[in-house]
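The values are calculated or read from the model by the stated rules, or taken from the named source; none is laboratory data. What you see is a predicted model; the values in this text were computed from it and never measured. Methodologically, a virtual Cβ is constructed for each residue, glycine included, from the backbone with ideal geometry; neighbour enumeration extends over all protein chains shown. Side chains included, ligands, DNA and RNA excluded: accessible areas come from the protein's heavy atoms. Shrake-Rupley method; radii C 1.70, N 1.55, O 1.52, S 1.80 Å.
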Amino acid sequence: MKIAFFSSKAYDRQFFQQANHPHQREMVFFDAQLNLDTAILAEDCPVICLFVNDQAPAPVLEKLAAQGTKLIALRSAGYNNVDLKTAADLGLKVVHVPSYSPHAVAEHTVGLILALNRKLYRAYNRVRDDNFSLEGLLGFDLHGTTVGVIGTGKIGLAFAQIMNGFGCHLLGYDAFPNDKFTAIGQALYVSLNELLAHSDIISLHCPLLPETHYLINTNTIAQMKPGVMLINTSRGHLIDTQAVIQGIKSHKIGFLGIDVYEEEEELFFTDHSDTIIQDDTFQLLQSFPNVMITAHQGFFTHNALQTIAATTLANIAEFEQNKPLTYQVICPH
Ligand code: NAI
């Protein structure tokens, strides 16, 4: 079955071509993001392969189904970009890669914390400029701080394990608590309110769902400790960016590290260095000295890309062979 890849980059081609070598499936790679205008590219493809910023709302799915698409293979863990109800109504199956390397994202999260705390980005540029002053680089010991983990699934657990190694106190909040979290050091589950009130660092690892949309908002920020470090490597819409900007301006939020941004579809994964960015909110965020933004690279390790390609092709093979779909995403409603 021919597979159309949307939003594909050179590294997608490299890893998928390697993984496909024994199978010799026909694959076509498009740079374009999936939307109503670009859906036509998949005209003769029963399988389409999407990434996080491809958009598959009802009108796009209707067009795809009418063109003969049967399977949407997400090469991501998250599936908030696909209208699952419409997909089910149209008989379109959806599969994803639930776990490729929780360590990749967890380690990147820790990277953001270390870089923000010790101002590594400023230090690096300073030393390159032969400026060896330490003014403005003062950090704090991570050892002994309290880290709040919101969402203690695969990535949240991997992150908690690393922070336990630093000697941090761990507080967790999850809609579905699990024993693996409380097995880490002295980790404790608490209510969301308690986590917000007692954490020096808060890191988001829950999925984007209607109930987690804008989980970080004016009210939740008001409950946080002054100077808190807020990290989001999960999904941009977990954070109300305007509320966070107010939190930074009022010094309530002392540090912000984000690998995801609510309007990232317009920006991330593309070189805009020669253009004038029109997103004033993003530009304002960039202007703060205590904000560090990376462009959705948490997943981006060799290990993760190999697993993503292998699992996606295995998902497609199951579909071709009419087998039960191990990693099917079922509409919850
Ligand atoms: P997971 O499914 O293993 O864990 C998610 C956890 O969130 C579960 O324990 C679940 O019970 C919990 N949860 C669900 N609803 C909740 C709620 N209302 N409040 C609090 N917790 C809730 O998922 P995994 O693999 O740990 O991934 C987490 C998120 O990380 C994904 O949803 C995705 O958005 C993001 N991600 C980001 C990547 C990046 O490159 N930056 C790459 C991969 C995933």
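A few notes on this one:
- Listed pairs K9/K252; K9/K154; K93/K154 exceeding 31 Å between Cα atoms: K9/K252
- I72, I276, ranked by accessible area, largest first (probe 1.4 Å): I276, I72
- Over segment 131-215, relative contact order from alpha-carbon pairs under 8 Å, at least 6 apart, %: 35
- Rounded FRET efficiency, nearest 0.05, which uses the C-beta distance separating C331 from R118 and R0 of 56 Å: 0.80
- Label positions at Q17 and E107, each projected 7 Å from the Cα along the C-beta direction, are separated by 2.6 nm.
- Helix 10-20 and the longest principal axis of the Cα set of the chain meet at an angle near 50°.
- Helical contribution to [θ] at 222 nm, DSSP H n ≥ 4, -39,500 (n - 2.57), averaged over the chain, rounded to 500: -10000 deg cm²/dmol
- For the chain, the Kirkwood estimate of the hydrodynamic radius, built from every pair of different alpha carbons, is 21.2 Å.
- Calculated Rg and Dmax of segment 41-187 using C-alpha coordinates, Å: 21.7, 63
- Relative contact order, whole percent, for the chain stands at 17, derived from Cα pairs under 8 Å and 6 or more residues apart.
- Measuring nothing but alpha carbons in segment 179-323 and taking Rh as the Kirkwood radius, the Rg to Rh ratio lands at 1.05.
- Residue-count net charge about L41 - beta-carbon cut-off 12 Å; Lys, Arg +1, Asp, Glu -1: -3
- C-alpha long axis of helix 58-67 to longest principal axis of the chain, angle in °: 30
- Its residue count N fixes a reference of 2.2 N^0.38 Å for segment 102-293, and the Cα radius of gyration divided by that reference is 1.02.
- Added length on full extension, which subtracts the Cα-Cα distance from 0.36 nm per residue, Q242 to S287: 14.8 nm
- Residue by residue, segment 282-288 carries 3J(HN,Hα) couplings of 5, 5, 5, 4, 4, 7, 7 Hz when phi is fed to the Karplus relation 6.51 cos²θ - 1.76 cosθ + 1.60 (θ = phi - 60°); x denotes Gly or Pro.
- Note, ³J(HN,Hα) from phi for segment 322-333, Karplus 6.51, -1.76, 1.60, rounded to Hz, x at Gly and Pro: 6, 8, x, 8, 4, 10, 6, 9, 9, 5, x, 9
- For segment 16-107, alpha-carbon Rg and Dmax in angstrom: 13.7, 42
- Cα-centre dipole for segment 102-293 with unit charges at Cβ (Lys and Arg positive, Asp and Glu negative), debye to 20: 720
- Under a 5 Å amide H cut-off, with hydrogens placed 1.01 Å from N, I202 pairs with G148, M229, L230, I231 among residues at least 5 apart or on other chains.
- Protection-proxy order for peptides 216-225, 231-240, 51-60, 322-331, each taking the mean of Cβ atoms within 10 Å per residue, highest first: 231-240, 51-60, 216-225, 322-331
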